[in-house]
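Before any comments, here is the structure.
Just so it is clear, none of the values below were taken in a lab; they were calculated from the coordinates. Keep in mind that what you see is a predicted model, and the values were worked out from it rather than measured. Don't worry about glycine lacking a Cβ; one is built from the backbone with ideal geometry, like all the others, and counts go over all protein chains shown.
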Amino acid sequence: MSFVYNVENDVQFIAEIGKNFIDTEEEQSVAMNLKKAKDLVDAAKNSGANAVKFQTHMVDDELLRLDFTSPHFKLADRYSWVSRNQRATPLEDFWIPIKQFCDELGIEFFSTPMSVRAAMMLDKLGVKTWKVGSGDVSDIPLLKYLISTEKPVIISTGMVSYSELAQVYKLFENSGRKLIILYCISEYPCPPEKFNLLSIQRLQNLFPKAVVGFSDHSIDDDYAVLQACSLGARVIEKHFSFDRNAWGSDHKASLLPSEFHSMTKKYKDNMHQNQLFDESFSGHIDLELGGATNEYRKYFRKGLVYSKDLKKGETIKESDLVSMRPLMYLEMDAIEFDNIIGKRLSRDVKSLAAVRLADYD
C-alpha cells in the first residue's frame, strides 16, 4: 500500500531526489549514477523520509526538439538536459535496481513520469504512487492514464490557477481515485516570504476529498514546513542533495541530509508537544495561487500537437493528440484536450504540428 495512506496517522515526508544523482557537468557512467542515487536514498532513509522520489523522462515523448533553456538552469538547453537524464537512467541498469534497493531498505520508491510513455514504464516497475510535477498538472492525457492505473496521485500547484485545479480535481472526483494536492511556489530556491500558506486551508475547503500537503523549495529554515503542518498539511516534499553547489538544476533548492533530519525531528518534537506556530506570515486565504502567473508556465507546461498526419474532414480522436513541452511555442494548452476531441478538421495537418484554433470547424 502507498505511503500516502499513512497520512491519517502522521505527516509523511518525501525526499525529492529528482535528478540530484547527476552532480557533474561531465557525463558519468550509469553505474556511477546508480551508486550516487543509492547513497542519496540511504541518506534520505536515515534523515526521516518516508519515501524518495525521482523523475523519469522519455525525451521524444515529452519535448519538442527546440533550442531553449529554463531560467532556473541556464547551463544546459532543456532538450540536452532531459536527454542526459534519460541516458543516465536505463530501465534494466538503473530503475529496476534502484527500486529493488529502496524495497530492501524499507523506503517507498516512486518517480514523476514526465510523459505517458514514462508512466507506462514506471507502472511495469510496480510503483504504488504517482507524482505529477507542477508543469504537467494541465496534461490531461497523462492524468487520464495515471487515473486508469487506480493508484494514488500527488499533484503540485506551482503552475496552475484555482480554476485550472478545479478542472483537474473533477477528473479525480469522478473517478474516485485518491488525490493529494501539494501547495507549491515554483521558484528555485523559493524565498519564504513568497509563500501564502493559508492557501493550504483554502485547498482543503475547495477540494474536500483530496489530501493537502506542501511542496517546499525554500532552504532558509524549517519555518515554512512547520507552519504548513500546523495549518493541516499532511504530506511534505523537499528536494534532497549532498551539495547545494553541485552542478545540476535542483541542488541549489535542496536540503542537505542533516537539514532534512533536523526538519523531521523538529516536526515530531513540536507536534508531539502540541505546540502551535505563529500564523502572522501565513498570508491571505482569498489570494489566487501563485501558479496562475508563475514565470515557468510557458517553459514547463505542455501544449497539444498532432500525433500523426491527418486529412481535412477527419474527426479528431484522443489518439490523434499528444501533449508536448514547451507551451511557449504552441497555441493550445494541454488542459484543453477534452475540448478538442470530436472537432472536424478544416485543413490537412502534419504530425507534431501545433494544434490551432484555425485547424477545425
So, relative contact order of segment 203-337 in percent, Cα under 8 Å, 6 or more apart, is 16
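Sorted by packing (mean other beta-carbon atoms within 10 Å per residue), highest first, where do 110-118, 3-11 land?
Put in order of decreasing packing, that is 110-118, 3-11.
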Please give the charge dipole size of segment 149-295, origin at the Cα centre, charges +1 on K and R Cβ atoms and -1 on D and E Cβ atoms. Round to the nearest 20 debye.
620
DSSP beta bridges in the chain [antiparallel fraction, %, rounded to 5]:
25
Please give the helix 116-125 orientation as an angle from the longest Cα principal axis of the chain, in degrees from 0 to 90, rounded to the nearest 10.
50
Can you compute the charge dipole magnitude of segment 302-359 about its Cα centre, using +1 on each Lys and Arg Cβ and -1 on each Asp and Glu Cβ, nothing else charged? Give it in debye, rounded to the nearest 20.
180
Scoring the chain by relative contact order with C-alpha pairs under 8 Å, at least six apart, yields a percentage of 18
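When the convex hull of the Cα atoms of segment 92-179 is projected onto a plane and the area is averaged over all directions, what value comes out in nm²?
Result: 5.8 nm².
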Computed over the chain: longest principal axis from alpha-carbon atoms vs helix 30-46 long axis, angle to nearest 10 degrees, is 50
Which residue fluctuates the most in the chain, going by a Gaussian network model with Cα springs under 10 Å, if the choices are Gly290, Gly106, Gly48?
Gly106
Cα-Cα P(r), the chain, percent of pairs per 20 Å interval:
30, 59, 11, 0
Within segment 64-80: backbone nitrogen closer than 19 Å to the Ser351 label point (7 Å, Cα to C-beta)
64-66
Short version: ³J(HN,Hα) in whole Hz for each residue of segment 137-145, in order, from phi by Karplus 6.51 cos²θ - 1.76 cosθ + 1.60 (θ = phi - 60°), x for Gly and Pro, what are they?
5, 8, 7, 4, x, 5, 4, 5, 5
Tell me which aspartates and glutamates have Cα within less than 13 Å of Lys128's Cα, excluding those fewer than 8 residues away on the same chain?
Asp103, Glu108, Glu150
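For the chain, what is the calculated [θ] at 222 nm in deg cm²/dmol (nearest 500), taking -39500 (n - 2.57) for each run of four or more DSSP H residues and dividing by its residue count?
Dividing the helical sum by the residues of the chain leaves -9000 deg cm²/dmol.
Taking the Cβ-Cβ separation of Lys312 and Lys170 as r and a Förster radius of 30 Å, what is the calculated FRET efficiency to the nearest 0.05?
On the way: r = 33 Å, r/R0 = 1.10.
FRET efficiency, Lys312 to Lys170: 0.35.
Using the Cα centre as the reference, give the magnitude of the dipole from point charges on the C-beta atoms of segment 3-272 (Lys, Arg: +1; Asp, Glu: -1; all else neutral), rounded to the nearest 20 debye.
Taking the Cα centre of segment 3-272 as origin, the dipole is about 580 debye.
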The FRET efficiency for Asp286 and Lys194, from their Cβ-Cβ distance with R0 = 22 Å and rounded to 0.05, is 0.80
If unit charges are put on Cβ atoms (+1 for Lys and Arg, -1 for Asp and Glu) and the dipole of segment 3-272 is taken about its Cα centre, the option from Cys190, Pro141, Gln86 lying farthest towards the positive end turns out to be Pro141
Which of the peptides 83-94, 154-165, 292-303 is most tightly packed, and how do the rest follow, going by the mean number of other Cβ atoms within 10 Å of each residue?
154-165, 292-303, 83-94
GNM top mover of Asn20, Asn174, Asn50 - the chain, alpha-carbon springs below 10 Å
Asn174
Apply 1/(1 + (r/R0)^6) to the Cβ-Cβ distance of Asp39 and Asp361, taking R0 = 56 Å, and write down the FRET efficiency to the nearest 0.05.
0.45
